[in-house]
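I have placed the structure first, in the form of structure tokens, so that the comments after it can refer back to it.
The values are calculated or read from the model by the stated rules, or taken from the named source; none is laboratory data. Every value quoted in this text rests on a predicted model; they were computed, and no experiment measured them. A quick note on method: Cβ atoms are made from the backbone with ideal geometry, for glycine too, and the neighbour counts reach across all protein chains shown.
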Amino acid sequence: MSDVGSIPVFDYPTSWSHGRGLANQTATVLKQLGCRSPLVLTDQLLLSLGVVDPVLHSLREAGLEYTICDAVNYEPTVALFDSIVAQLDLKAFDAIVAVGGGSVLDVSKGLAVIGSFGGHIRDYAGLDKVPGVPSIKVVTVPTTSGTGSEISDGVVLIDEERQTKFLVISKKICPTVALTDPLMTLSMPPRVTALSGTDALVHATESYISKGAGPASELFALRAIELVGRNLAAVYKDGRDLDLREKMQIGATMAMSAASNSKAGLCHALAMPLCALYHMPHGQAVGMALPVVLAYNAPVVGPKIDHIFQAMGFADDGFARLEALLTEIGVSARLGDMGFEESHMPTIVKETMNSAQRPPNPRDPTPEDIADIVRRMV
């Protein structure tokens, strides 16, 4: 929930369509946008498994000539992003069709910025540094349910030089169209299902208790908590259940719809240095942080903690049952098992305090608070 003057605003720049088989309509969407020369951005595994085929078939049937880039094969760094920019003539494309998980979708937004305005991605680091809406349209077809990048206002890259994550945040870079098709998520292995689903759960919970929360974002967040929290363990066990996949996908997109407006909080701020230092997936980092950060925030958010656990179906012992859920899906872990050393603490504290995702947290942490939270995760 953003605030223009005294009037609360819930922004939804991306046109979101959902349905089974919707990926087959990608070309129709491109033509409606007036686009004829798309870049299809994906990764090698999805391409080899045939997951991208419905999108490619749609483009071929419509007579659209396209270029495939399958270079986003790991969580992207600034260096990987730069290498993709160097390999492509971005001005040759009027659209980017991003088919993949959060890494692919994030890179597509960054490429649209560089292709439209030039410069280096670092020029746009931080909040609202993008000068306008990119001329290159972005159509997202997510193959995971969790990051919410299909409708989000951010690009996240790993900054290896600073040992943290690099953020570009602006409503101007929200994708033009998001097509969520649960059939596209059936290829997710259990580990990816767990990590992406945990990310969605954290988006929803953090946005619900954020300082920026308002009536619309709270509505989206609480429904997302229900959809994700009540189905995550089941879909982790049975990833071929299309009904479960659909609930998770709708919940994940709703969670980011809330988080893009009210913003996240301390779990996501902590994840920036934790992922860079210990090379853990984002969903692992925010999942590890969630119980500790929720307990830290509990004294200042009133009944909202109870609302969260009730939405998840936890009538009592909410914190214990949350821990049990994270353990069941293999997300619960300790920093001590990942190479944590006390000498890392100054970097973790500094980067967390400097994160743009810290201020929306409902409780203002001191450096000492952050250090205590981290030690509780060891």
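A few comments on the model shown:
- Test: residue in the stretch 225-247 that is crowded, with 24+ Cβ neighbours inside 10 Å and within 23 Å of residue 157 (Cβ to Cβ): no
- Output for the stretch 62-109, where each listed residue is among the hydroxyl-bearing types (Ser, Thr, Tyr) and closer than 21 Å to residue 27 by Cα: 66, 67, 108
- Number of the condition not met by residue 48 [criteria: (1) part of a helix (DSSP H, G or I); (2) closer than 20 Å to residue 149 by Cα]: (2)
- Tally of residues being at pLDDT 95 or above, assigned to a strand (DSSP E or B) and farther than 13 Å from residue 97 by Cβ across the stretch 64-85: 1
- Restricting the first member to the stretch 359-378 and to residues that are in contact (Cβ under 8 Å) with a residue 60 or more places away in the chain, and the second to residues that are part of a loop (DSSP other than H, G, I, E, B) and aliphatic (A, V, I, L, M), the beta-carbon pairs closer than 7 Å and six or more apart or on different chains are 360/264; 362/301.
- When the criteria are applied in full, residue 141 fails the requirement of being surrounded by fewer than 22 Cβ atoms within 10 Å (Cβ to Cβ) and over 15 Å from residue 13 (Cβ atoms).
- Failed item, numbered, when residue 109 is tested on (1) of a type outside the set (Val, Ile, Thr); (2) in a helix (DSSP H, G or I); (3) modelled with pLDDT under 95: (3)
- In the condition set (1) surrounded by 13 or more Cβ atoms within 10 Å (Cβ to Cβ); (2) more than 23 Å from residue 191 (Cα to Cα), residue 368 is compliant with all but (1).
- Reported count of residues in the stretch 341-357, each being surrounded by fewer than 21 Cβ atoms within 10 Å (Cβ to Cβ) and under 25 Å from the mean Cα position of the chain (by Cα), is 5.
- The lone exception for residue 39 - which of (1) under 30 Å from residue 217 (Cβ atoms); (2) modelled with pLDDT of 95 or more it fails: (1)
- Strands (runs of 3 or more DSSP E) fully within the stretch 122-230 counting 1 or more residues that are aliphatic (A, V, I, L, M), touching a Cys at 6+ places or on another chain (Cβ under 9 Å) and closer than 28 Å to residue 78 by Cβ: 137-142, 154-159
- Any chance residue 264 is in contact (Cβ under 8 Å) with a residue 40 or more places away in the chain and either in a helix (DSSP H, G or I) or crowded, with 24+ Cβ neighbours inside 10 Å (or both): yes
- Screening the stretch 281-303 for residues that are of a type in the set (A, V, I, L, M) and over 18 Å from residue 376 (Cα atoms) and picking the one that is surrounded by the fewest Cβ atoms within 10 Å (Cβ to Cβ) gives 300.
- Scanning the stretch 87-132 for residues that are over 18 Å from residue 158 (Cα atoms) and surrounded by fewer than 16 Cβ atoms within 10 Å (Cβ to Cβ) gives 87, 89, 91, 92, 117, 118, 119, 128, 129, 131, 132.
- Figure legend. Inter-residue proximity from the stretch 294-318: first residues among the charged types (D, E, K, R), second residues surrounded by 18 or more Cβ atoms within 10 Å (Cβ to Cβ) and part of a helix (DSSP H, G or I), beta-carbon distance below 7 Å, spacing 6+ or different chains. Indicated pairs: 304/208; 304/209.
- Meets criteria (more than 19 Å from residue 124 (Cβ to Cβ), touching a strand residue (DSSP E or B) at 6+ places or on another chain (Cβ under 6 Å) and of a type in the set (Phe, Trp, Tyr)) for residue 66: yes
- Filter result (under 14 Å from the mean Cα position of the chain (by Cα) and without any contact (Cβ under 8 Å) to a residue 12 or more places away in the chain) within the stretch 193-238: none
- Scanning the stretch 182-221 for residues being of a type in the set (Asp, Glu) and buried (at least 24 other Cβ atoms within 10 Å of the Cβ) gives a total of 2.
- Subset of the stretch 159-183 [of a type in the set (A, V, I, L, M) and in contact with a Pro (Cβ under 7 Å, 6 or more places away or on another chain)]: 173
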